[in-house]
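Okay, so here's the structure we're looking at.
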Amino acid sequence: MSTHDPTQTATDREALQRQLDEYQERQTWSHHVANLSTGKVFTTALKRPVAPLSRAERLARIGIHVDTSIFGRTMYQLTPRRPYQAQPEAWMIASVVGDYSTQQDFILWQRPRQPGFDDLQQLECFFSVSPTRQSLISISVTGRSWPGMDGHVSAGMIAPDVRVRIPFPGDFTDHTIDIVFDPIPGRPTDVFMVPETGIQMLIFRSITVRDLPPVLSPS
């Protein structure tokens, strides 16, 4: 039976942290709004973190007109530090991870440059009680693609199998992904996220589900 060397594990984690610290010196931000029913995705590169007012304005590009107060409430929220919610019940499963830290509150995947390796890398989130009306899935991740490659992250529903593909640049970028979806009444909501070929590193921070208020007509 093989055993792990605690000293080597600590050394590897220190090296990873130094690499992340270096990446953060050149970090950028990006906001994606997507409609799971139509497959439309709009991406905006930013020079600062996502802010509520402009976030709501970008959601209007896919026909969702909301007040910024929606971002202050949640039906579900799962994080690496809090992967289970009792009421309403929700949990997540992270497969083939490179690192999982509850202390630093992240799950990390690293993919090789060549395709066809570790294709089971994914995050699956199960929400037992679906919202009763059109809702918003918000995923917070940070990552980068291999130099010279166009990386994407797929995210969507397992049943029915519908997804959108989110573009990732080569730079180390913090991504806020807002996906509008129509829940199926009486059925749980099962959400997945998969790093595709081209992604060098993907760090998961949180996933939130919010039911949207009645649509406000533009003034």
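On full extension, the segment bounded by residue 114 and residue 93 gains 5.1 nm, given 0.36 nm per residue less the C-alpha separation.
At 0.692 mPa s and 37 °C, plugging the Kirkwood radius over alpha-carbon pairs of the chain into Stokes-Einstein gives what diffusion coefficient in µm²/s? This corresponds to a translational diffusion coefficient of 180 µm²/s. What share of Cα pairs, in percent, lie more than 24 angstrom apart in region 24-115? Roughly 46 percent, once rounded to a whole number.
Excluding the sites themselves, what is the longest stretch of the chain that contains no GluC sites (Glu not before Pro) in a DSSP loop with at most 16 other C-beta atoms within 10 Å?
Working: sites that count: 25, 89.
With GluC sites (Glu not before Pro) excluded where exposed in loops, the chain gives 90-219 as its longest stretch.
The equivalent ellipsoid of region 46-162 has semi-axes of 26, 21, 16 Å, largest first, where each one is the square root of 5 times an eigenvalue of the Cα gyration tensor.
By the scheme Lys and Arg +1, Asp and Glu -1, what is the net charge of all other residues having a beta-carbon under 12 Å from that of residue 198? Neighbourhood net charge equals +2.
The length gained on full extension between residue 45 and residue 126, counted as 0.36 nm times the residue separation minus their Cα-Cα distance, comes to 26.2 nm.
What length, rounded to one decimal in nm, is gained on full extension from residue 38 through to residue 7, with 0.36 nm per residue of separation minus their alpha-carbon distance?
Details: separation 31, 0.36 × 31 = 11.16 nm, distance 4.99 nm.
That pair, residue 38 and residue 7, stretches by 6.2 nm at full extension.
In terms of packing, defined here as the mean over residues of other Cβ atoms within 10 angstrom, the peptides 171-179, 66-74, 205-213 line up highest first as 171-179, 205-213, 66-74.
Counting alpha carbon pairs within less than 8 Å and at least 6 residues apart, what relative contact order, in whole percent, applies to the chain? The partial results should precede the final answer.
Values: 486 pairs, mean separation 59.3, N = 219.
Taking the mean separation of contacting Cα pairs over the length of the chain, I get 27 percent.
In this structure, residue 158 and residue 21 have a Cβ-Cβ separation that, at R0 = 45 Å, corresponds to a calculated FRET efficiency of about 0.80. Taking θ as phi - 60° and the Karplus parameters 6.51, -1.76 and 1.60, the scalar couplings of region 14-27 work out to 5, 5, 5, 5, 4, 5, 5, 4, 5, 4, 5, 5, 10, 5 Hz in sequence order, x denoting glycine and proline. Inter-part distance, region 103-162 to region 51-96, computed on C-alpha centroids, equals 14 Å.
Each reported figure results from applying straightforward, stated rules to the coordinates on display, with no laboratory input. Since the structure is predicted, the reported quantities are computational estimates derived from the model, not experimental observations. Virtual Cβ from ideal backbone geometry, glycine too; neighbours counted across all protein chains shown.
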